[in-house]
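As C-alpha cells, the structure follows; a few thoughts come after it.
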Amino acid sequence: MRLQSVLVTGNGYSIGEVAALAHVSIRTLHHYDDIGLLNPSARTVAGHRRYAPADLERLRSILFYRELDFGLAEIAAMLTDPGAGTDGHLRAQHRMLRHRIERSYGLLAAVEKEIEARQMGLSLTPEEQFEVFGSDKFTGEYAREAEQRWADTDAWKESQRRTSAYTKEDWLQIKAEADGNVQSFAAALRAGEPADGQRARELAEQHRRHLSRWFYECSPDFHRCLAAMYVSDERFRKNYDDVVPGLAQYVHDAIVANADAAR
C-alpha cells in the first residue's frame, strides 16, 4: 500500500488520479464504490467520480487492512464502527502492524533455527555410534522401540530436533556425563547412602537436569515415569544392576524421592 499524502485542489481527484496515487486499478475503485466500501464524495455534472481528502484517508485505511489480509466485509465493519475515528483507526493499525511484525520475527527465528539445525546436523556413522556407545543399541532395538512408543509425544519431537544438530563430540560429552552419573549412584549405594537421602536425591536431580539439557524438558513427574521403567523393563534393570546389584531399584527410589521433594 503506497498511497501518498497530497493536497487536493479544485474539485478533488478523478478516479484515474486516485488509482495512480494508490497504485490500484480503476476497476478496483469501481468495485469499492459498487459495494459501498468507498463512495466518492462528489461527482461532476457528467457523472464522473471526484474524491476528497477524506476519501483518500478512507482508501488508505482500506488498503492497510487489505495488506493485513482482512476481507472487504470485515474492513467495512471496522470503518463504520461509530466509536473509531481516524485516530482510533491509526491506533488499531499500529497495534495490528506491531503484532504482524512480532509474528513475522517469530516465524523468521523458527525458520533460521531449523536451517541452522539442518546445516549443523551431523548424523553419526555406524562406526562413530559404536565408538561412542559401545554397541548398536543406539540405532538398534532401543531406538526403534523408543520411536514406536514415544513418537507422538512433545518430548520425542523436541529430542529429535535437538539431537539432529549434535556432533560426535556432543555425544561423547553426553555419554561421559551419563556414565559419571551412574558411577556416582553406584558409589552412593556402596557407601550406604539412603535412596531418599540428600546425596542420592542430588544425583537424581543431576540426572533429570542432564535429560533436560540435552534431550527434552524433563519435569519431576515425567522423571518419575522414567524411573518406573528402569525397574519394570528388564533391559534397563540389567544395565544398572550389572554395575552394582540393586542399583536399578536404588536409582528408581532416589528419583521418586527427588520428585516428591519437588512438590
Open item on the list: Which log10 I(q)/I(0) values does region 164-234 give at q = 0.17, 0.23, 0.25 Å⁻¹ under the Debye formula, counting every alpha carbon as one identical point scatterer?
Closed with: -0.72, -1.16, -1.25
Open item on the list: Give me the extension gain from ASP154 to ASP69: residue separation times 0.36 nm, minus the current Cα-Cα distance, reported in nm with one decimal.
Closed with: 27.4 nm
TODO: On the full set of protein chains, 1.4 Å probe, figure out the accessible area of HIS207 and give it in Å² to the nearest 10.
DONE: 20
Task: Theoretical FRET efficiency, 1/(1+(r/R0)^6), r = Cβ-Cβ of ARG190 and ASN239, R0 22 Å, to 0.05 - done: 0.80
- [ ] Work out how much length CYS225 to ILE26 would gain on full extension: take 0.36 nm times their residue separation and subtract the Cα-Cα distance, in nm to one decimal.
- [x] 65.0 nm
TODO: Kindly sort TYR105, TYR65 by accessible area of their heavy atoms, largest first, with the probe set to 1.4 Å.
DONE: TYR105, TYR65
TODO: Round to the nearest 10 and report in Å² the accessible area of THR167, as given by a 1.4 Å probe over the protein chains' heavy atoms.
DONE: 40
TODO: At 1.4 Å probe size, with no ligands or nucleic acids counted, give the accessible surface of LEU90 in Å², nearest ten.
DONE: 100
- [ ] Report the extension gain between ARG263 and SER41 in nm, rounded to one decimal, defined as 0.36 nm multiplied by the number of residues separating them, less their alpha carbon distance.
- [x] 73.1 nm
TODO: Compute the distance in nm between two label points, each set 7 Å from the Cα along the Cα-to-Cβ direction, one at SER232 and one at GLN198.
DONE: 3.4
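The values are calculated or read from the model by the stated rules, or taken from the named source; none is laboratory data. This is a predicted model, so every value here is computed, not measured. All Cβ positions, even for glycine, are placed from backbone atoms using ideal geometry, and neighbour counts span all protein chains on display. Each accessible area value is taken on the protein alone, full model and side chains, heavy atoms only, with ligands, DNA and RNA left out. Shrake-Rupley method; radii C 1.70, N 1.55, O 1.52, S 1.80 Å.
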